[in-house]
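Peer 1: Take a look at this one; I'll ask things after.
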Amino acid sequence: DNIRDYNPNSKINQEICAGLNSGEQDNFVYRNNGITVVARSIDRTGNNFTIEDFQVVNGCQTSNVIFYNRDKIDGVFIPFRLIGTKDEDFIFSIISGTNKQNPVRVEQFWSLLPFMKNLEEFSRNAPPSKRIFIERRENQYRAESVERARIVQMQPFLKAVTAGLLGAPHRAARNYKAEIGENVEDIFGEHDDVRPAYAIAFLHYRLEFMWRNQKIDAGTKIYRFFIIDAVARQVLGNRSFVGLAKKEKIKFAEEVIKLASDESRLENVVDNVESILDSHIRTLGIAGTRERLRDTIRSETFFTGVRSKYIPSKSILK
């Protein structure tokens with residue numbers, strides 16, 4: 001449940017390494033927050049502790065710095081805290097509190113949700129052609145031999161969810177935190193099926209793949225969240241994903257994955273969205289910089305003016 005994996009390029013980590021290399025071993029204990037371990041069971045006999053079901057919730061950076069400088073650690077002492085609790089809320093508060101020495105984004109805490117752990121496992125165990133890797137923790141796959149293109153980071157994933165599951169493509173870039181925050185229990189509940197979220201992550205990967213390999217015009221990237229919404233609308237029509245029954249949500253996931261896997265169908269959706277949005281922009285007389293275009297397509301009035309035009313008359317989920 002540690003929020004971050006090791007980042008060798010972190011300025012803080014580089015400074016710690018520099019201190020060890022310059023002979024400041026005696027100062028390490030005063031300058032480092034050390035390691036925090038939370039265990040659900042602790043049995044103490046004198047100075048011996050037996051712990052079960054434990055995890056290092058803070059200290060990943062420290063542990064790695066020590067490991068990579070292990071020939072320079074004579075005289076180094078490390079602060080160490082061992083906490084025993086089964087209270088999930090208390091564990092979360094420990095993780096939150098001990099990770100605030102560096103800036104932490106809200107999506108990093110969402111990554112601790114049981115739903116996200118289930119999603120990560122489901123995604124990496126998908127069939128090879130549909131396998132993706134949800135990066136719940138920064139630099140999580142640094143030491144693994146995985147195809148970089150198949151790694152989906154939390155921030156792009158949450159933006160794609162805002163567009164595809166919450167139907168707010170115009171808010172996905174700037175306001176996804178507020179949108180997800182208001183609906184987190186409805187889409188990332190502990191007992192929710194992960195397949196719809198996986199489908200959106202897979203769609204995001206497929207679009208990136210097609211742009212990177214020039215199978216679709218790179219200029220359409222600016223419309224990426226409208227494209228994701230349009231794919232979802234092929235299945236949902238005017239319906240809200242949040243209100244679907246469990247079987248319908250699973251059907252939604254299956255159909256989105258099927259469409260995302262079909263390059264021809266996906267290209268048709270991209271072309272249709274591009275044509276509709278370009279036409280509406282010309283109608284509005286929008287010209288000038290790319291920044292102005294970006295601001296325009298993020299407005300509520302633009303969204304309401306174009307969305308009905310790419311919702312099909314017949315959707316898969318009627």
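The values are calculated or read from the model by the stated rules, or taken from the named source; none is laboratory data. These numbers come from a predicted model, not from an experiment. Don't worry about glycine lacking a Cβ; one is built from the backbone with ideal geometry, like all the others, and counts go over all protein chains shown. All accessible areas refer to the heavy atoms of the entire protein, side chains included, with ligands and DNA or RNA removed. Shrake-Rupley method; radii C 1.70, N 1.55, O 1.52, S 1.80 Å.
Peer 1: Sorted by packing (mean other beta-carbon atoms within 10 Å per residue), highest first, where do 158-166, 122-130, 37-45 land? Walk me through the numbers on the way to the answer.
Peer 2: Working: 158-166: 26.2, 122-130: 12.1, 37-45: 14.4.
Answer by packing, highest mean first, reads 158-166, 37-45, 122-130.
Peer 1: Treat each spin label as a single point 7 Å out from the Cα along the C-beta direction, and report the CYS17 to ASP53 distance in nm.
Peer 2: That separation, rounded to one decimal, is 3.8 nm.
Peer 1: Let me ask something additional. From the helices alone, meaning DSSP H stretches of at least four residues, give me the mean residue ellipticity at 222 nm for the chain, per-run term -39500 (n - 2.57), in deg cm²/dmol to the nearest 500.
Peer 2: Working: 14 runs with 162 residues, N = 318.
So the calculated ellipticity at 222 nm is -15500 deg cm²/dmol.
Peer 1: Let me ask another. Run the quick spin-label model on THR283 and THR301: label points 7 Å from Cα toward the beta carbon, then report their separation in nm to one decimal.
Peer 2: Between THR283 and THR301, the label points sit 1.4 nm apart.
Peer 1: Taking the chain as a Gaussian network, Cα atoms linked when under 10 Å apart, which of GLU185, GLU291, GLU147 shows the biggest mean-square fluctuation?
Peer 2: Looking only at GLU185, GLU291, GLU147, the biggest GNM fluctuation is shown by GLU291.
Peer 1: Provide the per residue accessible area, probe 1.4 Å, for the range 215-260, rounded to a whole number of square angstrom. Write down the numbers at each step before the final one.
Peer 2: Values: 1800 Å² over 46 residues.
For the range 215-260, the solvent-accessible area averages 39 Å² per residue.
Peer 1: Multiply the residue gap between HIS191 and ARG174 by 0.36 nm, knock off their C-alpha separation, and tell me the result in nm, one decimal place.
Peer 2: Stretched out fully, the HIS191 to ARG174 stretch lengthens by 3.3 nm.
Peer 1: Give the residue from ILE228, VAL269, ILE250 lying farthest towards the positive end of the charge dipole for the range 213-270; charges sit on Cβ (+1 for Lys and Arg, -1 for Asp and Glu) and the dipole is referred to the Cα centre.
Peer 2: It is ILE250.
Peer 1: Here is a follow-up. Taking only Cα atoms of the range 63-209, what ratio of Rg to Rh do you get with Rh as the Kirkwood inverse-distance radius?
Peer 2: Details: Rg = 17.8 Å, Rh = 17.3 Å.
With Rh from the inverse mean 1/r over Cα pairs, Rg/Rh is 1.03.
Peer 1: If you don't mind, another one. Using the Kyte-Doolittle scale, find the helices of the chain whose mean hydropathy is at least -1.0 and whose Cα atoms extend 27 Å or more along the helix's long axis, counting only whole DSSP H runs. Don't skip to the end; give the middle numbers.
Peer 2: Details: long enough: 263-284 (31 Å, -0.31).
Flagged H segments are 263-284.
Peer 1: When the Kirkwood radius is taken over all Cα pairs of the range 3-51, what Stokes-Einstein diffusion coefficient follows at 20 °C and 1.002 mPa s, in µm²/s?
Peer 2: On the way: Rh = 13.7 Å.
Estimated diffusion coefficient is 156 µm²/s.
Peer 1: Going down the list LYS117/LYS258; LYS117/LYS221; LYS117/LYS309; LYS221/LYS258; LYS177/LYS318, which pairs span over 32 Å between their C-alpha atoms? Intermediate values should be presented prior to the final figure.
Peer 2: Details: LYS117/LYS258 24 Å; LYS117/LYS221 29 Å; LYS117/LYS309 37 Å; LYS221/LYS258 21 Å; LYS177/LYS318 30 Å.
Among LYS117/LYS258; LYS117/LYS221; LYS117/LYS309; LYS221/LYS258; LYS177/LYS318, the Cα-Cα distance tops 32 Å for LYS117/LYS309.
Peer 1: Got a number for carbon plus sulfur as a percent of the range 177-249's accessible area, 1.4 Å probe? All intermediate terms of the calculation are to be shown ahead of the outcome.
Peer 2: Details: 1320 of 3110 Å².
Summing carbon and sulfur atoms, their accessible area is 43 percent of the total for the range 177-249.
Peer 1: Testing the spin-label approximation: label points 7 Å from Cα along Cα→Cβ at SER240 and ARG294. State their distance in nm.
Peer 2: Roughly 3.0 nm, to one decimal.
Peer 1: Normalising by the residue count of the chain, find the relative contact order in percent from Cα pairs under 8 Å and 6+ residues apart. It would help to have the intermediate numbers written out before the result.
Peer 2: On the way: 404 pairs, mean separation 47.9, N = 318.
The value is 15 percent.
Peer 1: In square nanometres and to one decimal, what's the mean projected area of the convex hull around the Cα atoms of the chain?
Peer 2: Values: hull surface 80.4 nm².
For the chain, the mean projected area of the Cα convex hull comes to 20.1 nm².
Peer 1: Dipole of the chain, Cα-centred, from +1 at each Lys and Arg C-beta and -1 at each Asp and Glu C-beta, to the nearest 20 debye? Present the calculation step by step, with values, prior to reporting the outcome.
Peer 2: Details: 47 positive and 42 negative charges, 211 e Å.
Once rounded to the nearest 20, the dipole reads 1020 debye.
Peer 1: Could you please state, rounded to a whole Å, how far the C-alpha centre of the range 59-94 is from the C-alpha centre of the range 154-201?
Peer 2: One Cα centre to the other: 33 Å.
Peer 1: Over the Cα atoms, compute the radius of gyration (one decimal) and Dmax (the largest Cα-Cα distance, rounded to a whole number) for the range 224-281, in Å.
Peer 2: That works out to 12.3, 38 Å for Rg and Dmax.
Peer 1: So, one more: Which value, to two decimals, describes the C-alpha radius of gyration of the range 186-318 once divided by 2.2 N^0.38 Å? Before the final figure, lay out each step's value.
Peer 2: Details: Rg = 15.4 Å, N = 133, 2.2 N^0.38 = 14.1 Å.
Normalised Rg, Cα atoms only: 1.09.
Peer 1: Applying 1/(1 + (r/R0)^6) with R0 = 51 Å to the Cβ-Cβ distance of GLN214 and LYS117, what FRET efficiency is obtained, to the nearest 0.05? Write out the running numbers ahead of the final one.
Peer 2: Numbers: r = 36 Å, r/R0 = 0.70.
Once the sixth-power term is evaluated, E becomes 0.90.
Peer 1: How high is the relative contact order of the range 140-208, in percent, with contacts defined as C-alpha pairs under 8 Å that are six or more residues apart?
Peer 2: Contact order relative to length: 38 percent.
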